[in-house]
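Since the structure comes first, as structure tokens, the remarks are kept for the end.
The values are calculated or read from the model by the stated rules, or taken from the named source; none is laboratory data. Everything numeric here is computed off the predicted structure, so don't read it as measured data. Every residue, glycine among them, receives a Cβ derived from its backbone with ideal geometry; neighbour counts consider all protein chains shown. Side chains are part of the model used for accessible areas, which takes the heavy atoms of the whole protein and leaves out ligands, DNA and RNA. Shrake-Rupley method; radii C 1.70, N 1.55, O 1.52, S 1.80 Å.
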Amino acid sequence: MNRTQALKVLAVCLAVATVVLAYYTVQTSVYAYSEFEMISYWAEEIDYSAVAWNLTEPDPIILEAISIAGPAVPSEGHPNCWLMPFVEAHRNETNFIDQVHEHGDIWEIAYNGTYYYITCLGSCDPHPSPDLWIFPEIYVINDRREAQTRVGAADISLGAVWVVWAIGWRKLKPEP
Amino acid sequence: MKLSRAGKITPLLLLVFFAFLATPLPVSAGSWRVHVLVAYDEEWQSIANRVYAYPPRELASLLLYVVASRFWTFNIEFYPMGYVFWDSNDNPTGPYAMLNEAMEEAGFESGMMLGGYVMHIFVAFTGQDIPLCYGLANSTLGIVLVEHTYPSGVGQATDNVLQHELSHLYDADDESESGLDCVMNYYPQWIGFPYFKWVRTALITENWCAGCSATIMNHADNWGYWDTGGGGGNGRIQFIAWGDERVNES
């Protein structure tokens, strides 16, 4: 394979990567906290966290999640699936998510001398009126900021590779 | 007059043949017959053609049949009696707007006549993403909107969504309970390697729990009409021609 062919193959690979990354970029940037009507929390005990913040004013929903904190357990009858002890509430019943936002979107908390990692899911209201029923999709909220950061970094890296490729391709052409 | 041998045997054979027709059949259990008006949009058309290599109407029909067979246990039978094309808005403002749009474009109203048949419920299929949800149902109007659903790690789950929404038309409630194997249960589960994805329990099961089964059974008469099955129940001999089921409607 000569250099021209190698650059063509690389261009195809980069094009595919660009499309995939574009998909994830859109996925991570569409939804904001405020769009969700239902919030689910899962608290998992962790040994220690240097970045955890002290939960001093817990709302009843996050307290309930902490009270049943536990690990994921295998789902009976569904191989490769795991169940976690979630607590679900309407968005206006919990202000924990706003406290997280105030603490720089850090989902590791310390409460009564124990550290927890909180996983948070968002969805729309499954039953907005007596005769209307909605089957809500799940959106992971707790790692949205991290995902945006990762995808943003990947966007920049891919852009840099495209620039290198363009320089290489330009060098291939004979000077007029 | 002297009859030939064939002339003697033919009336005898005809007599035997008609005797079979006039015999009351033992199949007289009956069921709730529900006529369904089915709609599909341009995105559904595209997915049916490109992903499944099916005509859109056939894909809708196939899914409805698969789900309908799960309702047989409640003596409910769904019959797709008409298909309409629905040109969906590509930028829907929300799930309710999509549901209303589908209903208005199809001009559906439960009890409407189409092709000489009463339409009881309306099922709209869409190939585009319904904002924030997989599907929705209005249990008063008898309408259901279902999105083509294919989550990684789960595969095709449109039938689960349809089953879930149709169950709402029979007053089955949503459930959110860890480990409950029910198509009405939307408790989240995590799919491990190599998918790493959250899914609703309802997307990975086609079973109903005992509570939901009882609710659907108790409300099986919400839609449609009782069809004796044409088997001559109560000892009466019935000759039912094609299409004459209409006369049974109350």
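Would you be so kind as to identify which of A:LEU21, A:ILE66, A:PHE86 lies farthest towards the positive end of the dipole of segment A:1-98, taking Lys and Arg as +1 and Asp and Glu as -1 on Cβ and the Cα centre as origin?
So the residue we want is A:LEU21.
Check the cysteines of chain B one by one and keep only those with no other cysteine Cβ under 4.7 Å from their own.
B:CYS133, B:CYS212
Show B:LEU63, B:LEU114 ordered by accessible area, largest first, where the area counts protein heavy atoms only and the probe is 1.4 Å. Show your work: numbers first, answer last.
Details: B:LEU63 15, B:LEU114 65 Å².
These residues rank, largest area first, as B:LEU114, B:LEU63.
Any chance you could check the Cα centroid distance between segment A:84-147 and segment B:75-100 for me, in angstrom?
Taking the Cα centre of segment B:75-100 as reference, the centre of segment A:84-147 is 31 Å away.
Using just the helices of chain B, give the 222 nm mean residue ellipticity in deg cm²/dmol: DSSP H runs with n ≥ 4 each add -39,500 (n - 2.57), and the total is spread over all residues, rounded to 500.
The helix-only estimate for chain B comes to -9500 deg cm²/dmol at 222 nm.
Around B:SER213, under 14 Å between beta carbons, what's the net of Lys plus Arg minus Asp minus Glu among the other residues? All intermediate terms of the calculation are to be shown ahead of the outcome.
Working: positive: B:ARG70; negative: B:ASP171, B:ASP173, B:GLU175, B:ASP181, B:GLU206.
Combined, the nearby Lys, Arg, Asp and Glu give -4.
Which value, in square angstrom to the nearest 100, describes the accessible area buried between chains B and A on both sides, using a 1.4 angstrom probe?
Looking at B and A, the buried total is near 3000 Å².
What does DSSP give for chain B in terms of the percent of beta bridges that are antiparallel, rounded to the nearest 5?
Restricted to chain B, the bridges split so that about 40 percent are antiparallel.
Considering only the other residues whose Cβ falls under 14 Å of the Cβ of A:ALA11, what net charge follows from Lys and Arg at +1 and Asp and Glu at -1?
Cβ neighbours under 14 Å give a net charge of +3.
Please report the equivalent ellipsoid semi-axes of the protein assembly as shown, computed as sqrt(5 x eigenvalue) of the Cα gyration tensor, largest first, in whole Å. List each step's numbers first, then the result.
Working: eigenvalues 559, 199, 75 Å².
The three semi-axes for the protein assembly as shown are 53, 32, 19 Å.
About its Cα centre, what dipole magnitude does segment B:122-228 give when the only charges are +1 on Lys and Arg Cβ and -1 on Asp and Glu Cβ, stated in debye to the nearest 20?
Numbers: 2 positive and 13 negative charges, 70 e Å.
Result for segment B:122-228 is approximately 340 debye, rounded to the nearest 20.
Using the beta-carbon distance between B:SER61 and A:ALA11 and R0 = 45 Å, what value does 1/(1 + (r/R0)^6) give for FRET efficiency, to the nearest 0.05? Don't skip to the answer; put the middle values down first.
Details: r = 44 Å, r/R0 = 0.97.
Here the calculated transfer efficiency is 0.55.
Can you tell me the dipole magnitude for the protein assembly as shown around its Cα centre, using point charges on the Cβ only (Lys, Arg +1; Asp, Glu -1), in Debye to the nearest 20?
For the protein assembly as shown, the charge dipole is close to 2660 debye.
Rolling a 1.4 Å sphere over the protein heavy atoms, what is the accessible area per residue of the protein assembly as shown, to the nearest Å²?
Spelled out: the 1.4 Å probe surface of the protein assembly as shown, per residue, equals 52 Å².
Using the reciprocal of the averaged 1/r over all distinct C-alpha pairs, how large is the Kirkwood radius of segment B:90-192 in Å?
Evaluated on segment B:90-192, it is 14.9 Å.
What does the structure give for A:72-79 when I average, per residue, the other chain Cβ atoms found within 10 Å of the residue Cβ?
Details: counts 3, 2, 1, 9, 2, 5, 8, 2.
Per residue, the number of nearby Cβ atoms from other chains is 4 on average.
Angle check, please: helix B:5-22 long axis (alpha carbons) against the longest principal axis of chain B (alpha carbons), in degrees 0 to 90, nearest 10.
40 degrees
Please report, in cubic angstrom per residue, the volume enclosed by the convex hull of the alpha-carbon atoms of chain A.
216 Å³
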